[in-house]
């Protein structure tokens, strides 16, 4: 077990460094999916299939890690970590199995992007599951954690972020008429009143909340990765909206992702 603990420790360090590097690289490189899709990233498949392949590994890996820990009595049953596990899995169940089925249009995603996402999501499950079920102190999450400031504040932020993320995705999806409609439209109303990437803003809030409610290094490393990926992405989305809609969009005076900040 000591070997795995050391591996886990170094994994967190490496992932933190890579997260910073990814943020820098994405200032100059635009991943080709969604509004920024192009054929320069190689062979592509339907986006809904791509999202399923890319996101489902984190759901299944986290599930496996949880049941291995219970089956081999690595950690005794803990109701607090079970709730944290449910929060995490609910997000990825929606993202892996519900979100792809609801997508409209014939958009594509490069296989190279899918592979990158697959690898990261697998390691992220190891980070989060490793902390919750294997390497955190056995006394880290007593029942009193439920009424700690970290859990209460983190849970409220997480749930609010989830509502924003899912509702914003629903608005964007509803703009297309049917599966044959591949056009892009300008989303209006809450939560897009002040920001152009409300769905991404919601996702950052989710993982900020998760990092706080778990109060873990692994949670904050995931938050770092989320920001490193999504903040540059929001800049590209803002640029595409400007390109597609011109003054109709710029006159709305929206921020890219953080209201009144950026």
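The values are calculated or read from the model by the stated rules, or taken from the named source; none is laboratory data. This one's a predicted model, so the numbers in the text were calculated from it and none came from an experiment. Cβ placement follows ideal geometry from the backbone for every residue including glycine, while neighbour counts extend to all protein chains displayed.
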Sort through 64, 53 and tell me the only one that's in a helix (DSSP H, G or I) and more than 19 Å from the chain's Cα centre (by Cα). 64
So which residues in region 43-53 are modelled with pLDDT under 95 and closer than 19 Å to residue 90 by Cα? 48
What tally of residues in region 60-114 results from selecting those that are in contact with a strand residue (DSSP E or B) (Cβ under 7 Å, 6 or more places away or on another chain) and without any contact (Cβ under 8 Å) to a residue 40 or more places away in the chain? 0
What are the residues in region 6-42 that are touching a helix residue (DSSP H, G or I) at 6+ places or on another chain (Cβ under 6 Å) and assigned to a helix (DSSP H, G or I), if any? 8, 12, 15, 16, 19, 22, 23, 35, 36, 41
Condition set free of Cβ contacts under 8 Å to residues at least 40 places away in the same chain and within 21 Å of the chain's Cα centre (by Cα), scope region 1-17, selection nearest to residue 135 (Cα to Cα): answer is 13
How many residues are surrounded by 14 or more Cβ atoms within 10 Å (Cβ to Cβ) and free of Cβ contacts under 8 Å to residues at least 24 places away in the same chain when one looks only at region 19-42? 0
So which of 58, 83, 45 is surrounded by fewer than 19 Cβ atoms within 10 Å (Cβ to Cβ), at negative phi, outside the structural domain of residue 209 (by TED's automatic domain parsing) and part of a helix (DSSP H, G or I)? 83
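Residue-by-condition table, conditions (1) part of a loop (DSSP other than H, G, I, E, B); (2) free of Cβ contacts under 8 Å to residues at least 60 places away in the same chain:
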residue	(1), (2)
166	no, no
190	yes, yes
202	no, yes
221	no, no
227	no, no
231	no, no
Identify, please: which residue in region 105-121 is assigned to a helix (DSSP H, G or I) and either more than 13 Å from the chain's Cα centre (by Cα) or not assigned by TED's automatic domain parsing to the domain that holds residue 44 (or both) and is, among those, surrounded by the most Cβ atoms within 10 Å (Cβ to Cβ)? 114
Members of region 169-199 that are surrounded by fewer than 23 Cβ atoms within 10 Å (Cβ to Cβ) and within 26 Å of residue 128 (Cα to Cα): 169
Inspect region 92-104 for any residue being surrounded by fewer than 21 Cβ atoms within 10 Å (Cβ to Cβ), over 16 Å from the mean Cα position of the chain (by Cα), not in a helix (DSSP H, G or I) and not assigned by TED's automatic domain parsing to the domain that holds residue 211 and give the result as yes or no. yes
